[in-house]
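The values are calculated or read from the model by the stated rules, or taken from the named source; none is laboratory data. Remember, it's a predicted structure, so these values are computed and weren't measured experimentally. Cβ placement follows ideal geometry from the backbone for every residue including glycine, while neighbour counts extend to all protein chains displayed.
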Amino acid sequence: MRKEVSGKQQAAGGRTVIIERAGRPSVSLRVPSAADWDVLASELAGSLKPGDILALSGPLGAGKTTFVQALARALGIKRIPQSPTFSLMRSYELPRAVHGIKRLLHVDAYRIEQASDLLALDLDEELSGGETVLVIEWPEKVKKWLSTKSAIRLTIVNYGNI
Ligand SMILES: Nc1ncnc2c1ncn2[C@@H]1O[C@H](COP(=O)(O)OP(=O)(O)O)[C@@H](O)[C@H]1O
Ligand SMILES: [Mg+2]
């Protein structure tokens, strides 16, 4: 089983997220509580298009899955994304397309150990339909695959850690 969130991470209170998009200056935002991801998620959802990849970095307990939940809500998805502990990938249909986006694909690469694990996911094929946005936790695990893409990068750190 996955380890529980460390007390230290939770005790610190809030998070800071650094957002990096190709061709734009990076921005950092304060996200004081878990509920506050909605603002950023709605903002981002408004500018996403099919084929976009969001790479979510940060230690265990940083708030990556919490952000995915907020993003799903912002896209109108009713089912709440959970940490895909046993599956690496989960797919969420949008009840109504948003700028052509019909599906949110949530990958948690935490358990990826070798290239074949990633190949099995066939992310290129998954993205090729032109209707999917991919969010990926632990993008460091699929660095090579991501190096050929232009992802929006979100790095979550605790207050006080930058
Ligand atoms: N901005 C935030 N400020 C304070 N706590 C947060 C924030 N975002 C998430 N959390 C809390 O951190 C904990 C771990 O979040 P989770 O999304 O599961 O982390 P990860 O997916 O990065 O391992 C949860 O209890 C969540 O409510
Ligand atoms: Mg998670």
- Do the conditions hold for Ser33, that is, is it over 22 Å from Val107 (Cβ atoms), over 15 Å from the mean Cα position of the chain (by Cα) and touching a residue at least 24 places away in the same chain (Cβ under 8 Å)? no
- Query: Looking at the stretch 99-118, which of its residues are within 20 Å of Pro50 (Cβ to Cβ) and either more than 13 Å from ligand 1 (Cβ to nearest atom) or of a type in the set (Phe, Trp, Tyr) (or both)?
  - Reply: His99, Gly100, Ile101, Lys102, Arg103, Leu104, Leu105
- Note on the structure: Note: among Arg79, Arg96, Arg90, Arg73, just one is in contact (Cβ under 8 Å) with a residue 12 or more places away in the chain, closer than 19 Å to Ile19 by Cβ, surrounded by fewer than 21 Cβ atoms within 10 Å (Cβ to Cβ) and more than 10 Å from ligand 1 (Cβ to nearest atom), namely Arg73
- Any residue in the stretch 3-17 that is at pLDDT 95 or above and within 30 Å of Gly129 (Cβ to Cβ)? yes
- Task: Mind listing whichever residues of the stretch 84-98 are over 21 Å from Gly51 (Cβ atoms) and out of contact with any strand residue (DSSP E or B) (no Cβ under 6 Å at 6 or more places or on another chain)?
- Result: Thr85, Phe86, Ser87
- Give the residue that is farthest from ligand 1 (Cβ to nearest atom), with candidates limited to residues of the stretch 13-53 that are over 20 Å from Pro139 (Cα atoms) and among the polar types (S, T, N, Q). Ser47
- If you scan the stretch 99-122, which residues turn out to be among the small types (Gly, Ala, Ser) and either under 15 Å from Ala41 (Cα atoms) or crowded, with 16+ Cβ neighbours inside 10 Å (or both)? Ala109
- When only residues in the stretch 54-66 that are near ligand 1 (Cβ under 7 Å from one of its atoms) and among the hydrophobic types (A, V, I, L, M, F, W, C) count, which is surrounded by the most Cβ atoms within 10 Å (Cβ to Cβ)? Ala62
